[in-house]
């Protein structure tokens with residue numbers, strides 16, 4: 001159970017639903033929004049900006065490859081005992 005109230009996929013309306021739909025269209029291999037993004041769903045404006053900022057940083061090659069970034073994220077999550 002989350003400590004942060006968020007909007008579930010099937011309960012999203014208005015701007016949050018629009019953002020969820022756009023994200024799902026951009027990520028057709030995923031059936032629902034990741035919980036880490038739902039944490040921002042109480043503020044659609046913030047959710048949109050988080051996606052806009054974080055996805056290029058996390059999922060495009062730069063100084064580090066995406067593979068390296070994913071390995072670092074996995075290690076940090078494991079060390080923090082985080083399900084994400």
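Each reported figure results from applying straightforward, stated rules to the coordinates on display, with no laboratory input. Note that the structure is a prediction, hence the values are computed from the model and not measured. Cβ: placed from backbone, ideal geometry, glycine included. Neighbour counts: every protein chain shown.
Let me have the 222 nm mean residue ellipticity of the chain computed from DSSP H runs of 4+ only, each contributing -39500 (n - 2.57), with the sum over all residues rounded to the nearest 500.
So the helix-based figure for the chain works out to -17500 deg cm²/dmol.
In whole percents, the pair-distance distribution calculated for the chain from its alpha-carbon pairs, binned every 10 Å from zero, is 16, 44, 34, 6.
Result for the chain in a Gaussian network model with C-alpha springs under 10 Å: among 41, 54, 63, the largest mean-square fluctuation is at 63. A Förster radius of 41 Å, combined with the Cβ-Cβ distance separating residue 42 from residue 63, puts the computed FRET efficiency at roughly 0.80.
Place a point 7 Å from the Cα of residue 10 along the Cα-to-Cβ direction; which residues of the range 16-45 have their backbone N under 16 Å from it? Taking a point 7 Å out along Cα→Cβ of residue 10, the residues of the range 16-45 whose backbone N falls under 16 Å are 31-33.
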